[in-house]
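Trainee: Dumping the structure here so I can ask a few things about it.
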Amino acid sequence: MNPQFQLFPEQASATAVHLDHLTLYLLGVAAFFSTLIFALIFVFAVKYRRRSAHERVGEIGHALPLEIAWSVIPFGLMMIMFTWGASVFFEMSRPPDDAMNIYVVGKQWMWKTQHLEGQREINELHVPLGRPVRLTMTSEDVIHSFYMPAFRVKFDVVPGKYTTAWFNPTKPGKYHLFCAEYCGTLHSGMIGWIEVLEPAEYERWLAGGNAGESLASSGQKLFEYLACANCHRTDKPGRCPNLTGLFGSKVQLTTGETVTADEAYVRESILHPGAKIVAGYQDIMPTFQGQVTEEDLLQLIEYIKSLAKQPAQGATALGAIPPGLARRGTTLPPAAPAKNPKR
Ligand code: CUA
(Lines give C-alpha, C1' and ligand atoms only; values in the text may rest on other atoms or scores of the structure.)
Protein backbone atom coordinates (compact mmCIF):
# COMPACT_ATOMS: atom_id res chain seq x y z
CA MET A 1 0.00 0.00 0.00
CA ASN A 2 1.11 3.58 -0.57
CA PRO A 3 2.87 4.55 2.67
CA GLN A 4 1.61 8.13 2.22
CA PHE A 5 -1.94 6.89 2.49
CA GLN A 6 -2.72 5.68 5.99
CA LEU A 7 -6.18 5.40 7.45
CA PHE A 8 -4.71 5.03 10.94
CA PRO A 9 -1.40 6.41 12.16
CA GLU A 10 1.18 3.95 13.43
CA GLN A 11 0.45 2.43 16.84
CA ALA A 12 3.38 3.14 19.15
CA SER A 13 1.76 2.94 22.58
CA ALA A 14 -0.54 0.59 24.46
CA THR A 15 -3.16 3.30 24.62
CA ALA A 16 -3.04 3.63 20.83
CA VAL A 17 -4.10 -0.01 20.49
CA HIS A 18 -6.91 0.35 23.04
CA LEU A 19 -8.15 3.54 21.45
CA ASP A 20 -8.08 2.07 17.93
CA HIS A 21 -10.09 -0.98 19.03
CA LEU A 22 -12.71 1.33 20.49
CA THR A 23 -12.74 3.46 17.34
CA LEU A 24 -13.17 0.35 15.17
CA TYR A 25 -16.05 -0.80 17.36
CA LEU A 26 -17.76 2.60 17.02
CA LEU A 27 -17.19 2.64 13.27
CA GLY A 28 -18.39 -0.97 12.98
CA VAL A 29 -21.63 -0.32 14.87
CA ALA A 30 -22.27 2.87 12.89
CA ALA A 31 -21.51 1.20 9.55
CA PHE A 32 -23.67 -1.86 10.33
CA PHE A 33 -26.74 0.15 11.34
CA SER A 34 -26.35 2.70 8.54
CA THR A 35 -26.26 -0.13 6.02
CA LEU A 36 -29.16 -1.93 7.67
CA ILE A 37 -31.34 1.19 7.76
CA PHE A 38 -30.60 2.14 4.15
CA ALA A 39 -31.21 -1.42 2.97
CA LEU A 40 -34.52 -1.62 4.85
CA ILE A 41 -35.67 1.75 3.47
CA PHE A 42 -34.98 0.48 -0.01
CA VAL A 43 -36.54 -2.96 0.46
CA PHE A 44 -39.66 -1.63 2.21
CA ALA A 45 -40.10 1.13 -0.37
CA VAL A 46 -40.25 -1.47 -3.09
CA LYS A 47 -42.11 -4.17 -1.20
CA TYR A 48 -44.83 -1.99 0.35
CA ARG A 49 -45.24 0.51 -2.45
CA ARG A 50 -48.80 1.58 -3.25
CA ARG A 51 -49.90 -0.52 -6.18
CA SER A 52 -53.15 1.24 -7.12
CA ALA A 53 -55.02 4.41 -6.25
CA HIS A 54 -57.68 2.43 -4.38
CA GLU A 55 -55.34 0.52 -2.14
CA ARG A 56 -56.01 1.07 1.58
CA VAL A 57 -53.72 0.08 4.44
CA GLY A 58 -55.27 -2.45 6.79
CA GLU A 59 -55.08 -2.18 10.56
CA ILE A 60 -51.53 -2.34 11.94
CA GLY A 61 -50.96 -4.01 15.33
CA HIS A 62 -48.03 -4.26 17.69
CA ALA A 63 -45.07 -6.55 17.36
CA LEU A 64 -43.91 -6.69 20.97
CA PRO A 65 -40.85 -8.96 20.45
CA LEU A 66 -39.67 -6.65 17.65
CA GLU A 67 -40.14 -3.53 19.78
CA ILE A 68 -38.27 -5.07 22.70
CA ALA A 69 -35.45 -6.13 20.38
CA TRP A 70 -34.93 -2.70 18.87
CA SER A 71 -34.89 -1.12 22.32
CA VAL A 72 -32.74 -3.60 24.20
CA ILE A 73 -30.07 -4.29 21.54
CA PRO A 74 -29.17 -0.62 20.91
CA PHE A 75 -29.21 0.01 24.67
CA GLY A 76 -26.71 -2.80 25.16
CA LEU A 77 -24.50 -1.53 22.34
CA MET A 78 -24.57 2.00 23.79
CA MET A 79 -23.69 0.74 27.27
CA ILE A 80 -20.68 -1.05 25.77
CA MET A 81 -19.64 2.26 24.15
CA PHE A 82 -20.07 4.07 27.44
CA THR A 83 -18.15 1.68 29.71
CA TRP A 84 -15.44 0.97 27.16
CA GLY A 85 -15.05 4.66 26.34
CA ALA A 86 -14.92 5.59 30.02
CA SER A 87 -12.25 2.99 30.74
CA VAL A 88 -10.04 4.20 27.85
CA PHE A 89 -10.64 7.79 28.97
CA PHE A 90 -9.55 6.98 32.53
CA GLU A 91 -6.50 5.16 31.22
CA MET A 92 -5.53 8.21 29.14
CA SER A 93 -6.11 10.74 31.88
CA ARG A 94 -4.32 8.99 34.75
CA PRO A 95 -0.53 8.85 34.38
CA PRO A 96 1.02 5.96 36.34
CA ASP A 97 2.83 6.95 39.54
CA ASP A 98 6.21 5.81 38.22
CA ALA A 99 6.00 7.92 35.07
CA MET A 100 9.03 10.07 34.26
CA ASN A 101 8.25 13.76 34.13
CA ILE A 102 9.02 15.86 31.07
CA TYR A 103 8.20 19.53 30.82
CA VAL A 104 6.86 21.03 27.63
CA VAL A 105 6.64 24.75 26.90
CA GLY A 106 4.90 25.81 23.73
CA LYS A 107 5.51 29.21 22.18
CA GLN A 108 4.97 30.78 18.79
CA TRP A 109 6.24 28.73 17.00
CA MET A 110 8.23 26.00 18.63
CA TRP A 111 8.10 23.27 21.24
CA LYS A 112 10.62 23.39 24.05
CA THR A 113 11.02 20.22 26.08
CA GLN A 114 13.02 19.78 29.27
CA HIS A 115 14.15 16.62 31.01
CA LEU A 116 14.56 16.61 34.79
CA GLU A 117 18.24 15.77 34.27
CA GLY A 118 18.65 19.12 32.53
CA GLN A 119 18.57 18.27 28.83
CA ARG A 120 16.63 20.74 26.77
CA GLU A 121 15.39 20.13 23.29
CA ILE A 122 13.62 22.17 20.66
CA ASN A 123 10.98 20.53 18.46
CA GLU A 124 12.35 17.18 19.59
CA LEU A 125 11.84 14.82 22.47
CA HIS A 126 13.87 11.72 23.23
CA VAL A 127 12.22 9.14 25.48
CA PRO A 128 13.14 5.61 26.55
CA LEU A 129 11.18 2.63 25.32
CA GLY A 130 8.68 1.03 27.69
CA ARG A 131 8.66 3.73 30.33
CA PRO A 132 5.58 5.85 30.92
CA VAL A 133 6.24 9.53 30.22
CA ARG A 134 4.19 12.22 31.91
CA LEU A 135 4.14 15.58 30.16
CA THR A 136 3.54 18.72 32.20
CA MET A 137 2.77 21.40 29.66
CA THR A 138 2.25 25.13 29.49
CA SER A 139 2.43 27.90 26.93
CA GLU A 140 4.27 31.22 26.85
CA ASP A 141 1.75 32.95 24.63
CA VAL A 142 -1.38 31.46 23.06
CA ILE A 143 -3.14 28.11 23.15
CA HIS A 144 -1.27 25.36 21.32
CA SER A 145 -2.03 21.66 21.23
CA PHE A 146 0.58 18.94 21.65
CA TYR A 147 -0.34 16.20 19.22
CA MET A 148 1.52 12.93 18.74
CA PRO A 149 -0.66 10.76 16.51
CA ALA A 150 1.41 7.58 16.94
CA PHE A 151 0.71 7.63 20.69
CA ARG A 152 -2.84 8.97 20.27
CA VAL A 153 -1.98 11.90 22.53
CA LYS A 154 -3.45 15.31 21.82
CA PHE A 155 -3.73 17.80 24.59
CA ASP A 156 -4.14 21.56 24.73
CA VAL A 157 -1.20 23.60 25.99
CA VAL A 158 -2.67 26.64 27.67
CA PRO A 159 -0.99 29.85 28.86
CA GLY A 160 -1.25 30.38 32.60
CA LYS A 161 -1.86 26.77 33.60
CA TYR A 162 -0.35 23.32 33.53
CA THR A 163 -1.98 20.50 31.61
CA THR A 164 -0.88 16.89 31.81
CA ALA A 165 -0.81 14.09 29.30
CA TRP A 166 1.03 10.80 29.30
CA PHE A 167 2.03 7.93 27.04
CA ASN A 168 3.96 4.69 27.23
CA PRO A 169 6.02 4.13 24.09
CA THR A 170 6.01 0.48 23.03
CA LYS A 171 7.95 0.71 19.79
CA PRO A 172 11.31 2.35 19.07
CA GLY A 173 11.32 4.83 16.24
CA LYS A 174 10.81 8.42 15.22
CA TYR A 175 7.30 9.81 15.36
CA HIS A 176 5.70 13.04 14.24
CA LEU A 177 4.82 15.82 16.64
CA PHE A 178 2.33 18.48 15.56
CA CYS A 179 0.68 21.57 16.92
CA ALA A 180 -3.03 20.88 16.56
CA GLU A 181 -4.46 24.26 17.48
CA TYR A 182 -4.28 27.16 15.05
CA CYS A 183 -1.88 29.53 16.78
CA GLY A 184 -0.76 32.06 14.19
CA THR A 185 1.14 32.48 10.94
CA LEU A 186 3.64 29.68 11.41
CA HIS A 187 1.28 27.23 13.11
CA SER A 188 1.89 24.68 10.38
CA GLY A 189 5.63 24.91 11.03
CA MET A 190 5.25 24.08 14.72
CA ILE A 191 6.17 20.46 14.20
CA GLY A 192 8.84 18.10 15.41
CA TRP A 193 9.82 14.57 16.28
CA ILE A 194 9.49 12.22 19.20
CA GLU A 195 12.32 9.72 19.23
CA VAL A 196 11.79 6.51 21.17
CA LEU A 197 15.14 4.94 22.07
CA GLU A 198 16.05 1.56 23.58
CA PRO A 199 16.72 2.12 27.33
CA ALA A 200 20.50 1.69 26.99
CA GLU A 201 20.59 4.02 24.01
CA TYR A 202 18.53 6.53 25.94
CA GLU A 203 21.02 6.43 28.83
CA ARG A 204 23.80 7.13 26.32
CA TRP A 205 21.80 9.98 24.88
CA LEU A 206 21.22 11.42 28.36
CA ALA A 207 24.88 11.15 29.27
CA GLY A 208 26.16 12.75 26.10
CA GLY A 209 25.53 16.17 24.69
CA ASN A 210 24.06 19.21 26.34
CA ALA A 211 23.36 17.75 29.75
CA GLY A 212 24.04 20.88 31.81
CA GLU A 213 22.66 20.67 35.31
CA SER A 214 19.43 19.20 36.59
CA LEU A 215 16.30 21.30 36.59
CA ALA A 216 16.21 21.22 40.38
CA SER A 217 19.71 22.59 40.72
CA SER A 218 19.10 25.30 38.09
CA GLY A 219 16.02 26.09 40.14
CA GLN A 220 18.07 26.34 43.30
CA LYS A 221 20.46 28.81 41.66
CA LEU A 222 17.51 30.87 40.52
CA PHE A 223 16.00 30.70 44.00
CA GLU A 224 19.20 32.19 45.39
CA TYR A 225 19.60 34.69 42.55
CA LEU A 226 16.09 36.04 43.09
CA ALA A 227 16.83 36.22 46.83
CA CYS A 228 13.84 34.06 47.68
CA ALA A 229 15.84 32.49 50.49
CA ASN A 230 15.97 35.79 52.37
CA CYS A 231 12.35 35.33 53.41
CA HIS A 232 11.70 31.62 52.77
CA ARG A 233 14.23 30.54 55.37
CA THR A 234 14.91 26.97 56.26
CA ASP A 235 17.16 27.54 59.24
CA LYS A 236 14.80 29.58 61.40
CA PRO A 237 11.27 30.95 61.22
CA GLY A 238 11.24 33.53 58.44
CA ARG A 239 8.73 36.07 57.26
CA CYS A 240 7.51 33.61 54.65
CA PRO A 241 6.70 29.90 54.87
CA ASN A 242 9.53 27.37 54.97
CA LEU A 243 9.33 25.50 51.69
CA THR A 244 10.92 22.28 52.90
CA GLY A 245 8.44 19.45 52.60
CA LEU A 246 5.93 21.78 51.01
CA PHE A 247 5.38 20.11 47.66
CA GLY A 248 2.49 17.67 47.64
CA SER A 249 1.42 18.62 51.17
CA LYS A 250 -1.78 20.30 52.28
CA VAL A 251 -1.56 24.01 52.96
CA GLN A 252 -3.91 25.88 55.27
CA LEU A 253 -4.79 29.35 54.00
CA THR A 254 -5.87 32.48 55.86
CA THR A 255 -9.35 31.97 54.43
CA GLY A 256 -9.58 28.65 56.29
CA GLU A 257 -9.44 26.79 53.00
CA THR A 258 -6.94 23.96 52.50
CA VAL A 259 -5.17 23.46 49.19
CA THR A 260 -2.67 20.93 47.90
CA ALA A 261 0.72 22.38 47.01
CA ASP A 262 0.99 21.17 43.42
CA GLU A 263 2.62 22.69 40.34
CA ALA A 264 -0.26 25.09 39.75
CA TYR A 265 -0.17 26.30 43.38
CA VAL A 266 3.57 26.98 43.32
CA ARG A 267 3.28 28.76 39.98
CA GLU A 268 0.45 30.95 41.23
CA SER A 269 2.28 31.73 44.46
CA ILE A 270 5.28 33.03 42.49
CA LEU A 271 3.30 35.08 39.96
CA HIS A 272 0.34 36.15 42.13
CA PRO A 273 1.59 35.84 45.70
CA GLY A 274 -1.51 37.51 47.11
CA ALA A 275 -3.93 34.98 45.64
CA LYS A 276 -3.50 32.38 48.38
CA ILE A 277 -1.96 33.49 51.68
CA VAL A 278 -0.76 30.75 54.00
CA ALA A 279 -2.38 30.92 57.43
CA GLY A 280 -0.20 32.81 59.88
CA TYR A 281 1.63 34.86 57.25
CA GLN A 282 1.24 38.34 55.77
CA ASP A 283 0.64 39.32 52.16
CA ILE A 284 4.15 40.79 51.75
CA MET A 285 5.68 38.87 48.86
CA PRO A 286 6.19 40.87 45.65
CA THR A 287 5.09 39.36 42.39
CA PHE A 288 7.69 37.84 40.09
CA GLN A 289 5.49 38.26 37.04
CA GLY A 290 7.68 39.46 34.18
CA GLN A 291 10.90 38.51 35.97
CA VAL A 292 10.68 34.77 35.48
CA THR A 293 9.92 32.90 32.27
CA GLU A 294 7.80 29.76 32.03
CA GLU A 295 11.02 27.75 31.96
CA ASP A 296 12.31 29.49 35.08
CA LEU A 297 9.05 28.64 36.80
CA LEU A 298 9.48 24.96 35.94
CA GLN A 299 12.99 25.01 37.40
CA LEU A 300 11.76 26.68 40.59
CA ILE A 301 8.98 24.11 40.85
CA GLU A 302 11.47 21.26 40.44
CA TYR A 303 13.67 22.81 43.13
CA ILE A 304 10.73 23.09 45.53
CA LYS A 305 9.77 19.51 44.66
CA SER A 306 13.28 18.39 45.50
CA LEU A 307 12.87 19.96 48.94
CA ALA A 308 9.81 17.83 49.52
CA LYS A 309 11.58 14.49 49.26
CA GLN A 310 12.25 12.56 52.45
CA PRO A 311 15.84 12.98 53.62
CA ALA A 312 16.07 9.18 53.61
CA GLN A 313 15.70 9.22 49.85
CA GLY A 314 18.46 11.81 49.63
CA ALA A 315 20.70 9.51 47.62
CA THR A 316 18.89 10.29 44.40
CA ALA A 317 20.00 13.36 42.56
CA LEU A 318 16.74 15.18 43.04
CA GLY A 319 16.20 14.26 46.65
CA ALA A 320 19.62 15.43 47.81
CA ILE A 321 19.63 18.28 50.28
CA PRO A 322 20.84 21.22 48.21
CA PRO A 323 24.39 22.10 49.23
CA GLY A 324 23.32 25.66 49.94
CA LEU A 325 20.91 24.46 52.61
CA ALA A 326 23.27 21.84 54.00
CA ARG A 327 25.90 24.51 54.51
CA ARG A 328 23.55 26.49 56.70
CA GLY A 329 23.32 23.50 58.97
CA THR A 330 19.71 22.81 58.27
CA THR A 331 17.95 19.90 59.83
CA LEU A 332 15.04 18.93 57.67
CA PRO A 333 11.76 18.40 59.48
CA PRO A 334 9.93 15.21 58.55
CA ALA A 335 8.76 15.97 55.06
CA ALA A 336 5.29 15.19 53.87
CA PRO A 337 5.29 12.36 51.38
CA ALA A 338 5.50 13.77 47.87
CA LYS A 339 2.29 12.94 46.13
CA ASN A 340 1.45 13.21 42.51
CA PRO A 341 -0.89 16.11 42.14
CA LYS A 342 -4.32 15.01 41.05
CA ARG A 343 -4.81 15.71 37.40
CU1 CUA B 1 1.10 26.18 18.07
CU2 CUA B 1 -0.50 25.83 16.33
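The values are calculated or read from the model by the stated rules, or taken from the named source; none is laboratory data. From a predicted model like this one, the values you see are computed outputs, not experimental measurements. So basically every Cβ, Gly included, is an ideal-geometry build from the backbone, and we count neighbours across all protein chains shown. Areas reflect the complete protein model, heavy atoms only, side chains present, ligands, DNA and RNA absent. Shrake-Rupley method; radii C 1.70, N 1.55, O 1.52, S 1.80 Å.
Trainee: In the chain, if the dipole is taken from +1 on Lys/Arg beta carbons and -1 on Asp/Glu beta carbons about the Cα centre, which of Val278, Gly248, Val57 is farthest to the positive end?
Mentor: Val57
Trainee: Then there's this: According to the Kirkwood expression over distinct Cα-Cα pairs, how big is the hydrodynamic radius of segment 100-207, in Å?
Mentor: After inverting the mean inverse Cα-Cα distance, the result is 13.7 Å.
Trainee: Please identify the helices of the chain, taking whole runs of DSSP H, that span at least 24 Å along their own axis as judged from the Cα atoms and have a mean Kyte-Doolittle score of 1.6 or higher.
Mentor: Helices meeting the criterion: 14-47.
Trainee: Need one number: % antiparallel among DSSP beta bridges in the chain, to the nearest 5.
Mentor: Taking every DSSP beta bridge with both residues in the chain, the antiparallel ones total about 70 percent.
Trainee: Dipole of segment 100-207, Cα-centred, from +1 at each Lys and Arg C-beta and -1 at each Asp and Glu C-beta, to the nearest 20 debye?
Mentor: Result for segment 100-207 is approximately 220 debye, rounded to the nearest 20.
Trainee: Take the Cα gyration tensor of segment 36-135, multiply each eigenvalue by 5, square-root it, and list the three semi-axes largest first, rounded to whole angstrom. Please list the in-between numbers first.
Mentor: On the way: eigenvalues 736, 76, 18 Å².
Taking √(5λ) for each Cα gyration eigenvalue gives 61, 20, 9 Å.
Trainee: Between Glu124, Glu302, Glu91, where does the largest GNM mean-square fluctuation fall for the chain, given springs only between Cα atoms within less than 10 Å?
Mentor: Glu91
Trainee: Return a single number: how many Lys pairs in segment 100-207, at a sequence separation of 8 or more or on separate chains, have alpha-carbon atoms below 20 angstrom apart.
Mentor: Here the count comes out as 7.
Trainee: While we're looking at this one, here's another question. Just the Cα atoms of the chain: what Rg and Dmax do they give in Å?
Mentor: For the chain, the Cα radius of gyration and maximum Cα-Cα distance read 27.7, 105 Å.
Trainee: Given a 1.4 Å probe and every protein chain left where it sits, what share in percent of the accessible area of the chain is carbon and sulfur? Display every interim value, and only then the final one.
Mentor: On the way: 12110 of 19530 Å².
C and S atoms contribute 62 percent here.
Trainee: Estimate the FRET efficiency between Phe38 and Lys171 by the formula 1/(1 + (r/R0)^6), using the beta-carbon distance for r and 45 Å for R0, to the nearest 0.05.
Mentor: Working: r = 39 Å, r/R0 = 0.87.
The value I calculate is 0.70.
Trainee: With a 10 Å radius around each residue's Cβ, average the other Cβ atoms per peptide and rank 46-52, 274-280, highest first.
Mentor: 274-280, 46-52
Trainee: Oh, and also: In segment 100-207, what percentage of the DSSP-assigned beta bridges are antiparallel, given to the nearest 5?
Mentor: Antiparallel bridges make up about 65 percent of those DSSP assigns within segment 100-207.
Trainee: At a 4.7 angstrom Cβ threshold, list every cysteine in the chain that has nobody to pair with, or say none.
Mentor: Cysteines lacking a close Cβ partner in the chain: Cys179, Cys183, Cys228.
Trainee: Taking the solvent-accessible surface of protein heavy atoms with a 1.4 Å probe, what is the per residue accessible area of the chain in Å²?
Mentor: Dividing the accessible area of the chain by its residue count gives 57 Å².
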